[in-house]
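The structure under discussion appears below in the form of structure tokens.
The values are calculated or read from the model by the stated rules, or taken from the named source; none is laboratory data. The shown structure was predicted, so the numbers you read here are calculated from the model rather than taken from an experiment. Positions of Cβ are backbone-derived with ideal geometry, glycine not excepted, and every protein chain shown enters the neighbour counts. Each accessible area value is taken on the protein alone, full model and side chains, heavy atoms only, with ligands, DNA and RNA left out. Shrake-Rupley method; radii C 1.70, N 1.55, O 1.52, S 1.80 Å.
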Amino acid sequence: MAASTDVAGLEESFRKFAIHGDPKASGQEMNGKNWAKLCKDCKVADGKAVTGTDVDIVFSKVKAKSARVINYEEFKKALEELAAKRFKGKSKEEAFDAICQLVAGKEPANVGVTVSAPSVMGTTEGTVGSLPWGWEGSHYLTRCPLGTPSTQKAKTGGAVDRLTDTSKYTGSHKERFDESGKGKGIAGRQDILDDSGYVSAYKNAGTYDAKVKK
């Protein structure tokens, strides 16, 4: 390993990606999903010299035959395998040092989370990792120090609106609601026998009996 490689930073990055998405993980082993995320977030996979397929192949190559995870030593072997493809033209040592510099000191990129505004006034504060967050009125502060102008309004709707739009229902689900979207109750769940003597959906049903009574 080249002298310029940040060994401590590389080990720390391995641990951070190894526990990503699993707070109970020990940080000693990394699964294929997190390995792929590391390669993407750290720009190891550039889509040209190193593709997602290359990343998956190398993971399968360095892990134990029946294992689903890799340890730190296998992780370094995987980086060495990709270094030759990512930095063509460099010596084996230079390429490995270059790819380690891409990874050392990095951590998983956070994905934005959509949240709902609380029904209280004032500010609620806290931290997620090293990123502060908080509510200020009806705005949610994201990825910025509390009190800065970078705010994001809470989002609502979306999937919920689509799932509750009865006009888009099909099959038996569609039969449970009328044209206005109101539920039909038991009539929408069971076939009720019509013994009135009239043809189904006949508009003037009941008028004959009314005329006879007169």
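For segment 68-85, the condition of being in a loop (DSSP other than H, G, I, E, B) and assigned by the TED database to the domain that holds GLU29 holds for at least one residue. Those residues that are in contact with a helix residue (DSSP H, G or I) (Cβ under 9 Å, 6 or more places away or on another chain) and loosely packed, with under 12 Cβ neighbours inside 10 Å, I need them from segment 47-59; list them, please. Hits for segment 47-59: nothing passes.
Condition first: touching a residue at least 40 places away in the same chain (Cβ under 8 Å), of a type outside the set (Val, Ile, Thr) and touching a His at 6+ places or on another chain (Cβ under 7 Å). Can you find one or more residues in segment 37-49 that meet it? Yes: one or more hits. If the condition is being under 19 Å from GLU11 (Cβ atoms) and either modelled with pLDDT under 95 or surrounded by fewer than 17 Cβ atoms within 10 Å (Cβ to Cβ) (or both), then segment 72-89 contributes TYR72, GLU73, LYS77.
Selection of segment 60-71 for residues being surrounded by 16 or more Cβ atoms within 10 Å (Cβ to Cβ) and of a type outside the set (S, T, N, Q) yields VAL62, LYS63, VAL69, ILE70.
Applying the criterion of being assigned to a loop (DSSP other than H, G, I, E, B), farther than 19 Å from GLU81 by Cβ and of a type outside the set (S, T, N, Q) to the residues of segment 1-20, the residue that is modelled with the lowest pLDDT is ALA3. Of the candidates VAL113, VAL120, VAL103, the single residue that is of a type in the set (Val, Ile, Thr) and at pLDDT 95 or above is VAL103.
Applying the criterion of being open to solvent by 70 Å² or more (accessible area, probe 1.4 Å) and at pLDDT 95 or above to the residues of segment 21-42, the residue that is nearest to CYS100 (Cα to Cα) is LYS40. Summed over segment 9-36, residues that are of a type in the set (A, V, I, L, M, F, W, C) and free of Cβ contacts under 8 Å to residues at least 12 places away in the same chain total 2. Between LYS40, LYS48, LYS33, the distinction of being in the same structural domain as LYS63 (by the TED database), on the phi < 0 side of the Ramachandran plot and outside any helix (DSSP H, G or I) belongs to LYS48 only. Restricting segment 90-115 to residues that are assigned to a loop (DSSP other than H, G, I, E, B) and under 16 Å from LEU38 (Cβ atoms), the residue that is most open to solvent (accessible area, probe 1.4 Å) is VAL111.
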